[in-house]
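Enquirer: Take a look at this one; I'll ask things after.
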Amino acid sequence: MPDTKRQIKILGSGPAGMAAAINLAKSGFNTAVYEQRERPGAHFYNGWQILENYSSPVDALRELELMNINSEFYYKPESSIDFFDNRLRRFPLSGKKPFGYFLKRGTDPDTLDTALYNQAKNAGVEFHFKTRIIDSEADIISGGSVYASGIAKETVF
């Protein structure tokens, strides 16, 4: 039987760290998130990102639900897109299933980051903002890189 009394320390409050925190707390673990910024999403400027939805047969929002993440954030499904070649010729593409969901990142109330934070707080996760811990003190390291790492997912259409 796991030791649920020992505090599980998570480094980083991005989506991966928050998903881990939510699930650990819901499973009865004493969970704490350590974030170097003043709150989750603080390094974003309430801009848009896309949650990709075309490479899996399972809808991306359903995948979040299966990970115990509710979708209490603003999202906009997008089922059509225009591609342009090097001569700026337009190639429209559309389908029944959304190829992705536009969602906001940042500290506004309707962002993914705020929704994850609220869900984690409601699950009993403890937060330490403006706090750095070294990797060896963390049980889970989920801090994202500030710099591009050169790793990306390429999709060929």
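Just so it is clear, none of the values below were taken in a lab; they were calculated from the coordinates. Source: prediction; values computed, not measured. Glycine also receives a Cβ, built like all others from the backbone with ideal geometry; neighbour counts cover every protein chain displayed.
Enquirer: Show me the trypsin sites (Lys or Arg not before Pro) within region 3-52 that DSSP assigns to loop and that have at most 10 other Cβ atoms within 10 Å of their Cβ. Please list the in-between numbers first.
Expert: Values: sites: Lys5, Arg6, Lys9, Lys26, Arg37; in loops: Lys5, Arg6, Arg37.
Here the sparse-neighbourhood loop sites are Lys5, Arg6.
Enquirer: Oh, and also: For region 8-141, what's the relative contact order in percent, using C-alpha pairs closer than 8 Å and at least 6 residues apart? Write out the running numbers ahead of the final one.
Expert: Values: 260 pairs, mean separation 52.3, N = 134.
Across region 8-141, relative contact order equals 39 percent.
Enquirer: Along the Cα-to-Cβ line of Asn118, 7 Å from the Cα, sits a label point; which residues in region 34-77 have backbone N less than 12 Å from it?
Expert: Inside the label zone: 70-74.
Enquirer: Something else: Let me spell out the model: positive unit charges on the Cβ of Lys and Arg, negative unit charges on the Cβ of Asp and Glu, origin at the Cα centre of the chain. What dipole size does that give, in debye rounded to 20? Walk me through the numbers before you get to the answer.
Expert: Working: 19 positive and 19 negative charges, 40 e Å.
In total the dipole reaches around 200 debye.
Enquirer: Could you derive backbone 3J(HN,Hα) for region 16-28 from the dihedral phi with the Karplus parameters 6.51, -1.76 and 1.60 (θ = phi - 60°), listing whole Hz in sequence and x where the residue is Gly or Pro?
Expert: Karplus-based 3J(HN,Hα) across region 16-28 equals 5, x, 5, 4, 5, 4, 4, 5, 5, 4, 5, 8, x Hz.
Enquirer: Beyond 32 Å between alpha-carbons counts as too far, so tell me which of Lys96/Lys130; Lys76/Lys121; Lys5/Lys104; Lys9/Lys104; Lys9/Lys97 fall in that bin. Please list the in-between numbers first.
Expert: Values: Lys96/Lys130 44 Å; Lys76/Lys121 25 Å; Lys5/Lys104 35 Å; Lys9/Lys104 27 Å; Lys9/Lys97 38 Å.
Checking Cα-Cα distances, Lys96/Lys130; Lys5/Lys104; Lys9/Lys97 exceed 32 Å.
Enquirer: Something else now. Indicate, rounded to the nearest 5 percent, the antiparallel portion of the DSSP beta bridges found entirely in the chain.
Expert: 60 percent
Enquirer: Another question about this same structure. Out of the GluC sites (Glu not before Pro) in region 28-134, which ones are loop residues according to DSSP with at most 16 other C-beta atoms within 10 Å?
Expert: Details: sites: Glu35, Glu38, Glu52, Glu63, Glu65, Glu72, Glu78, Glu126; in loops: Glu38, Glu72.
Those that pass, being in a loop and sparsely packed, are Glu38, Glu72.
Enquirer: Kindly rank 28-34, 89-95 from highest to lowest mean number of other beta carbons found within 10 Å of each residue.
Expert: Details: 28-34: 20.3, 89-95: 9.3.
Taking the mean over residues of other Cβ atoms within 10 Å, the ranking is 28-34, 89-95.
Enquirer: Here is a follow-up. From the P(r) of region 1-92, can you give the percent of Cα pairs sitting at distances over 20 Å?
Expert: On the way: 2352 of 4186 pairs.
Roughly 56 percent, rounded to a whole number.
Enquirer: Quick one: what are the phi-derived ³J(HN,Hα) couplings along region 82-93, Karplus 6.51/-1.76/1.60 with θ = phi - 60°, whole Hz, x for glycine and proline?
Expert: These are the phi-based 3J(HN,Hα) values: 10, 9, 10, 8, 5, 9, 6, 7, 8, 10, x, 9 Hz.
Enquirer: Pop a pseudo-label 7 angstrom from the Cα along the beta-carbon direction at both Glu78 and Phe91 and give the gap in nm to one decimal.
Expert: Roughly 1.7 nm, to one decimal.
Enquirer: Would you please give the FRET efficiency between Thr4 and Thr131, computed as 1/(1 + (r/R0)^6) with r the Cβ-Cβ distance and R0 = 30 Å, to the nearest 0.05? Walk me through the intermediate numbers first.
Expert: On the way: r = 23 Å, r/R0 = 0.77.
Approximately 0.85, to the nearest 0.05.
Enquirer: Can you pull the one-decimal nm distance between simple spin-label points at Asn30 and Asn46, each 7 Å off the Cα toward Cβ?
Expert: 3.8 nm
Enquirer: Give the order of Ile134, Ile141, Ile8, Ile22 when sorted by the count of other beta carbons within 10 angstrom, beginning with the fewest. Let's see the in-between values first.
Expert: Details: Ile134 7, Ile141 15, Ile8 20, Ile22 23.
In increasing order of surrounding Cβ atoms, one gets Ile134, Ile141, Ile8, Ile22.
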